[in-house]
Ligand SMILES: *[C@@H]1O[C@H](CO)[C@@H](O)[C@H](O)[C@H]1NC(C)=O
């Protein structure tokens, strides 16, 4: 049987099974059909005590797929059929870039690869198959389930950088991961999904190695078990052992939009590849609920930082583009592209979200350089006495919110919204400004800036800035005699900044990610030089013997505060990958062929996947 027929047969089988499951739910009252399993009446045999069965090498691998569902899906929506729509081309092409700049790219790319190779070697020598290497102590760390996060997260980077021997060795090691075993009492399903499932799928999409697909299916089946709650909302901080023992599972009362929406890209891609639509349906149903929540929140269009997924509630009053919500916003245009433009729902969600974000969260920071830029802040909604909502901008900016420039660039091009390209340019320039303004030239985790009174004209006002610093510090530590000048000097606060609540730099990718996306969309040549300067700055400041380490304080250019003993797996998997890609020719992982998940893993878009399939069948 050829591949196409096998896939067709697979699809038909899945459809039949889904239909039977659906019928079974529909006919719950029928005497001949056993009632659906409910938490009150579990038909499930008493769990075995896992302690009594210590890990046995000869035992076949545990199959999450065989775990009976307590709450099978009641709604089944299959992936849209038909050929993908012709989406507008996102990439500008490289014709804008001068020869001399292109020539520079070769050595820049080589320098990034060298930085990667050095870290990879340390990981291999000191922390092989563990989650992360602590670069100062040289010790392995297992804070993310103990399944070799750095290993899985970097398969595609190895492939992209042409390190094929290392890639093969890594794939061999990946086949030994036992996702059925974890020492962690709790798994973060968002991180496992984006880094592990996403990493495996991207590496499979690039290399076609079946062993990676098998692993991806295994991880997908495991994560699918976290959706087995009464309302089918996934558990984000998940006790996998409970699920294995088939105990009752409930969605959380407090989770974030980022975490709960996490699955849409990975599960869609997994369903596209395998033909098994359980995954895409599960993730899509979450997005359907989130679409309702988007309209019902206190700031319609945006999602609050806390969601009660157990009760399907989204009524808290703080809104941000930062860590609690970033992946959700970012996934909307990507989900639209990954589905070949066949589901308008994601476009609608993107348009509503960006309208609210642009009018409430983005602000122009007053700056001494007089730059016309934008940065994303948080919004607090309060109720006035007559029950009307009032929004209040909190000018606190997270490093992670720097994704927004890339999102507006991609969304603007995909949906043909010219103003979004303008916003994207200003947002990326805002992130570059906040980096360059810091004594070390690197943006901190969190800073606060002074919002301009007017978007159109915003002259620098030294007195106003100092007054804002004074006011802010006095709300934290009331002291009417505070000398603002001395405070600014002692705390090394750069001009234009009110406070730096979190001075660390954790090797984050978000700024270079957006610079990369904007460069690919617009071809803006100055971004290449900026990216190179940024790479050198970061490399010089974070390079340590066994890799690269986070910084304690980016305002400390005397180097007195030093490093944190942390090299997050995303340093290599995202930060270095985006630096490498921006210095590569634009046809390498073109945004017209691939969509990057929120952990930087590229998935094939349907048009490319279909073209390749047609080529294979010939
Ligand atoms: C980084 O260090 C190199 C080598 O010491 C030096 O040539 C370069 O100017 C530095 N770059 C930046 C941006 O700090």
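Listing 419, 442, 273 from the residue with the fewest other Cβ atoms within 10 Å to the one with the most, what is the order? Mind showing how you got there, number by number?
Working: 419 11, 442 23, 273 19.
Arranged by neighbour count, lowest to highest, 419, 442, 273 become 419, 273, 442.
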Applying the gyration tensor rule to the Cα atoms of region 121-191 (axes a ≥ b ≥ c; rounded if a/c under 1.5, else prolate if a/b exceeds b/c, else oblate), the class is oblate
Simple spin-label estimate for residue 529/residue 552, 7 Å along Cα→Cβ, in nm, reads 3.6
Tilt, helix 264-274 to longest principal axis of the chain (alpha-carbon atoms), in degrees rounded to tens, equals 40
From fewest to most C-beta neighbours within 10 Å, the residues 330, 613 line up as 613, 330
Between the modelled labels at residue 121 and residue 560 (7 Å from Cα along Cα→Cβ) the distance in nm is 3.5
Rg/Rh over Cα atoms for the chain, Kirkwood Rh, comes to 0.97
Mean separation of Cα contacts under 8 Å (at least 6 apart) over the residue count of the chain, i.e. the relative contact order in percent, is 16
Cβ density ranking, 10 Å radius, fewest first, applied to 564, 354 yields 564, 354
Output ordering of 457-464, 163-170 (per-residue mean of other Cβ within 10 Å, highest first) is 163-170, 457-464
Where a ≥ b ≥ c are root eigenvalues of the Cα gyration tensor, a/c under 1.5 meaning rounded, otherwise prolate if a/b exceeds b/c and oblate otherwise, region 374-466 counts as oblate
Here the relative contact order (percent) of region 383-492, from C-alpha pairs under 8 Å and at least 6 apart, is 21
From the Cα centre of region 308-369 to that of region 79-153, the distance in Å is 25
Here, residue 502 and residue 172, labelled 7 Å along Cα→Cβ, have an inter-label distance in nm of 4.0
Rounded to whole angstrom, the alpha-carbon centroid of region 533-586 lies from that of region 236-259 at a distance of 34
For the chain, longest principal axis from Cα atoms; helix 418-436 axis from its Cα atoms; angle between them, nearest 10 degrees, is 60
Rounded to the nearest 10, the angle in degrees between the Cα long axis of helix 462-476 and the longest principal axis of the Cα atoms of the chain comes to 50
With the label point 7 Å along the Cα-to-beta-carbon line of residue 358 and a cut-off under 17 Å to each amide N, the hits in region 290-319 are 300-302
Highest mean packing first, using Cβ neighbours within 10 angstrom, the peptides 132-141, 551-560 sort as 132-141, 551-560
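Since every read-out is calculated from the coordinates, none of them should be taken as a lab result. Because the structure is predicted, anything quoted here is derived from the model rather than measured. In this analysis, Cβ positions are derived from the backbone assuming ideal geometry, glycine residues included, and neighbour counts consider all displayed protein chains.
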